[in-house]
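Peer 1: Structure incoming, see below.
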Amino acid sequence: QVQLVESGGGLVQAGDSLRLSCAASGRTFSSYVMGWFRQAPGKEREFIATIGWTGGFTYYADSVKGRFTISRDNAKNTVYLQMNSLKYEDTAVYYCAAGDAAAAVRVGDYTYWGQGTQVTVSS
């Protein structure tokens with residue numbers, strides 16, 4: 001069992017940056033692949049980024065590639081999502097998730113989820 005708590009969301013203007021954090025507790029954090037997803041109103045939850053156990057592997061959705069960076073600090077049991085050059089269409093609730101499958105991009109690949117943090121980008 002692992003508990004995930006996201007933080008760092010807020011209201012920003014287009015072009016601004018935000019860094020989301022996801023703190024984990026419970027089983028050994030470094031044994032999980034971590035991912036970030038987002039869900040806008042009326043839309044399905046979509047994959048944003050994933051990072052492997054040691055942080056050596058990362059993979060991004062095309063919509064955020066070059067603007068967002070996922071990282072992790074296993075000593076702090078925390079995964080981060082640095083979001084730069086934010087756009088109006090990035091507005092959503094952002095979720096972190098933990099799972100066992102490498103390079104996982106589907107919602108069903110992840111076992112544990114946080115409660116989400118709202119990111120709102122004004123145009």
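Peer 1: When you go through W36, W53 one by one, which is the residue that is hydrophobic (A, V, I, L, M, F, W, C), outside any strand (DSSP E or B) and surrounded by 16 or more Cβ atoms within 10 Å (Cβ to Cβ)? Explain how you work it out, then say what you get.
Peer 2: Values: W36 fails: outside any strand (DSSP E or B).
Being hydrophobic (A, V, I, L, M, F, W, C), outside any strand (DSSP E or B) and surrounded by 16 or more Cβ atoms within 10 Å (Cβ to Cβ) holds for just one of W36, W53, which is W53.
Peer 1: Do any residues in region 6-23 that are touching a residue at least 12 places away in the same chain (Cβ under 8 Å) have Cβ atoms under 7 Å from those of residues that are aromatic (F, W, Y) and surrounded by 13 or more Cβ atoms within 10 Å (Cβ to Cβ), where the two are at least six apart or on different chains, and which pairs are they?
Peer 2: E6/Y94; E6/Y95; G9/Y94; R19/Y80; L20/Y80; L20/Y94; S21/Y80
Peer 1: Scan region 12-19 and tell me whether some residue there is at pLDDT below 95, open to solvent by 30 Å² or more (accessible area, probe 1.4 Å) and not hydrophobic (A, V, I, L, M, F, W, C). Before you say what the answer is, go through the steps one by one.
Peer 2: Of all residues in region 12-19, those at pLDDT below 95 come to none.
Looking through region 12-19, none of the residues is at pLDDT below 95, open to solvent by 30 Å² or more (accessible area, probe 1.4 Å) and not hydrophobic (A, V, I, L, M, F, W, C).
Peer 1: Also: Is there a residue being among the β-branched types (V, I, T) and either touching a Cys at 6+ places or on another chain (Cβ under 9 Å) or farther than 20 Å from Y110 by Cβ (or both) anywhere in region 25-48? Give the steps one after another, and end with the answer.
Peer 2: From region 25-48, those among the β-branched types (V, I, T) are 28, 33, 48; that's our starting set.
Adding the requirement that they be either touching a Cys at 6+ places or on another chain (Cβ under 9 Å) or farther than 20 Å from Y110 by Cβ (or both) leaves none.
So far as region 25-48 goes, no, none of its residues is among the β-branched types (V, I, T) and either touching a Cys at 6+ places or on another chain (Cβ under 9 Å) or farther than 20 Å from Y110 by Cβ (or both).
Peer 1: May I ask you to list the residues in region 65-108 that are modelled with pLDDT of 95 or more, open to solvent by less than 40 Å² (accessible area, probe 1.4 Å), out of contact with any Leu (no Cβ under 9 Å at 6 or more places or on another chain) and of a type in the set (A, V, I, L, M)?
Peer 2: Within region 65-108, A92, V93 meet the criteria.
The values are calculated or read from the model by the stated rules, or taken from the named source; none is laboratory data. All of these numbers come straight from a predicted model, not from anything done at the bench. Heads up, the Cβs are rebuilt from the backbone with ideal geometry, glycines too, and the neighbour counts pull from every protein chain shown. Note: accessible area is taken over every heavy atom of the protein model, side chains too, but ligands, DNA and RNA are not part of it. Shrake-Rupley method; radii C 1.70, N 1.55, O 1.52, S 1.80 Å.
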